Amino acid sequence: MVKGREQLNAEWERFRHFFKREELPAKTILLKEGQISERMFYIEKGCIRLSFNKDGKDITFQFFFEGEGVSSAESFRNEEPSLFSIETIEPSILHMLSKKDYFTMIESSPLIKQDLEQQTFERLMYYQKLFLSRIKNSPEERYNELVKQSPHILQRVPQHYIASFLGITSVSLSRIRNRR
């Protein structure tokens, strides 16, 4: 297992020059809803949120932190307009990968392609759990689940984004937090 991880790390290192490092302030929009994605992002430092507009209301549906990659996959891979926006919440250091370099990399390295497929599968499982939680759990149960599974979100993300993520108002989030 360790040897496999070392091989994978060495393979990623081989393509390091494809990634452009940028330091960005908080509230930098990396991709607007409706645009075609030309880049994917790896977070060295910072926090990113995914959101969309519903009848003029900004809805947050996911957060990403250090060590995670993020993109609008359907837009990046299929040249479709993105269903959501990608924005930094904190000052961030990101490594950006162009579409051209991404395809060169996965065509050149079966090991990286396999790793990215595994990451995609894990993301799909996360979305499945999130979807089911939204259907079957109350807002309070969703909040308690967040406290248990992702306490770092509560420490780093502004309350109005957390409320939006949970599908409730900031006032409702305050009430739930006060009951604990």
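The values are calculated or read from the model by the stated rules, or taken from the named source; none is laboratory data. Note that the structure is predicted; figures quoted are calculated from it, not measured. Positions of Cβ are generated from backbone atoms using ideal geometry, with glycine treated the same way; all protein chains shown enter the neighbour counts. When the accessible area is computed, the model is the full protein with side chains, heavy atoms only, and any ligands, DNA or RNA have been set aside. Shrake-Rupley method; radii C 1.70, N 1.55, O 1.52, S 1.80 Å.
To keep it simple, each residue is scored yes or no on (1) open to solvent by 80 Å² or more (accessible area, probe 1.4 Å); (2) out of contact with any strand residue (DSSP E or B) (no Cβ under 9 Å at 6 or more places or on another chain).
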| residue | (1), (2) |
| --- | --- |
| Ser133 | no, yes |
| Arg142 | no, yes |
| Lys148 | yes, yes |
| Pro151 | no, yes |
| Gln155 | yes, yes |
| Gln159 | no, yes |
| Ser164 | no, no |
| Thr169 | no, yes |
| Ser172 | no, yes |
Kindly check whether there is at least one residue in the stretch 68-84 that is surrounded by 14 or more Cβ atoms within 10 Å (Cβ to Cβ), among the basic types (Lys, Arg) and over 24 Å from His152 (Cβ atoms).
-> yes
Here are some residues: Glu117, Glu140, Glu145. Which one is modelled with pLDDT under 95, more than 19 Å from the chain's Cα centre (by Cα) and either in a helix (DSSP H, G or I) or under 18 Å from Ala73 (Cα atoms) (or both)?
-> Glu140
Please list, ordered by first then second residue, the pairs with beta carbon atoms under 7 Å, 6 or more apart or interchain, first in the stretch 91-109 and among the hydroxyl-bearing types (Ser, Thr, Tyr), second assigned to a helix (DSSP H, G or I) and open to solvent by 10 Å² or more (accessible area, probe 1.4 Å).
-> Ser109/Glu11
Just a yes or no: is a residue in the stretch 42-54 within 20 Å of the chain's Cα centre (by Cα), open to solvent by 20 Å² or more (accessible area, probe 1.4 Å) and at pLDDT below 95?
-> yes
Determine, yes or no, whether Met105 is part of a helix (DSSP H, G or I), touching a Phe, Trp or Tyr at 6+ places or on another chain (Cβ under 6 Å) and within 30 Å of Lys20 (Cβ to Cβ).
-> yes
If you go through Glu87, Glu66, Glu79, the only one that is closer than 23 Å to Lys20 by Cβ and without any contact (Cβ under 8 Å) to a residue 24 or more places away in the chain is Glu66
Among the numbered conditions (1) of a type in the set (Ser, Thr, Tyr); (2) open to solvent by 70 Å² or more (accessible area, probe 1.4 Å); (3) farther than 29 Å from Arg16 by Cα, tell me where Tyr126 comes up short.
-> (3)
Is it the case that some residue within the stretch 17-37 is touching a helix residue (DSSP H, G or I) at 6+ places or on another chain (Cβ under 7 Å), touching a residue at least 24 places away in the same chain (Cβ under 8 Å) and either farther than 22 Å from Asp101 by Cα or exposed (fewer than 15 other Cβ atoms within 10 Å of the Cβ) (or both)?
-> yes
From Ile176, Ile89, which residue is surrounded by 15 or more Cβ atoms within 10 Å (Cβ to Cβ) and at pLDDT below 95?
-> Ile176
Within the stretch 148-180, which residues are outside any helix (DSSP H, G or I) and closer than 20 Å to Lys57 by Cα?
-> Val157, Pro158, Gly167, Ile168, Thr169
